[in-house]
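**Student:** This is the structure I have questions about; it appears just below.
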């Protein structure tokens with residue numbers, strides 16, 4: 001499973017899952033919508049209705065230390081918002 005890296009479990013995504021049957025995932029940057037749909041359907045056994053993807057560039061971050069200013073960059077990511085067909089749900093907490 002190189003396509004789906006991890007689910008997005010935030011307050012906003014949980015409420016969207018309850019209201020609109022949408023779930024979020026951090027996915028591989030080179031994955032397309034067809035590969036994401038296939039991976040979600042195989043892994044969770046659900047029917048995917050639509051997928052929206054977003055690409056985020058890494059942020060430049062600086063911190064001040066005793067040896068001076070250290071600059072770095074966080075990794076770039078890609079998010080996928082998956083809308084499931086009516087009657088399907090994903091339970092991220094069942095395997096804990």
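The values are calculated or read from the model by the stated rules, or taken from the named source; none is laboratory data. Treat the numbers as computed from the prediction; the structure is a model and nothing was measured. Every residue, glycine among them, receives a Cβ derived from its backbone with ideal geometry; neighbour counts consider all protein chains shown.
**Student:** Part of a loop (DSSP other than H, G, I, E, B), touching a helix residue (DSSP H, G or I) at 6+ places or on another chain (Cβ under 7 Å), under 21 Å from residue 92 (Cα atoms) and touching a residue at least 40 places away in the same chain (Cβ under 8 Å) - does that describe any residue in segment 9-28?
**Tutor:** no
**Student:** Next up: Across segment 29-43, what is the number of residues that are crowded, with 18+ Cβ neighbours inside 10 Å and either within 15 Å of residue 90 (Cα to Cα) or out of contact with any helix residue (DSSP H, G or I) (no Cβ under 9 Å at 6 or more places or on another chain) (or both)?
**Tutor:** Number of matching residues: 4.
**Student:** In segment 33-66, how many residues are modelled with pLDDT under 95, under 15 Å from the mean Cα position of the chain (by Cα) and not in a helix (DSSP H, G or I)?
**Tutor:** Going through segment 33-66 one residue at a time, the tally reaches 2.
**Student:** Now, a different point. Tell me which residues, restricted to segment 4-28, are farther than 17 Å from residue 75 by Cβ and surrounded by 11 or more Cβ atoms within 10 Å (Cβ to Cβ).
**Tutor:** The answer is 7, 9, 13, 14, 15, 16, 17, 20, 21, 22, 23, 24.
**Student:** Of the residues 24, 17, which is within 16 Å of the chain's Cα centre (by Cα) and at pLDDT below 95?
**Tutor:** Answer to the selection: 17.
**Student:** Something else: Considering segment 67-92 alone, what residues qualify as being in contact (Cβ under 8 Å) with a residue 24 or more places away in the chain and in a strand (DSSP E or B)?
**Tutor:** 77, 78, 79, 80, 81, 82, 83, 84
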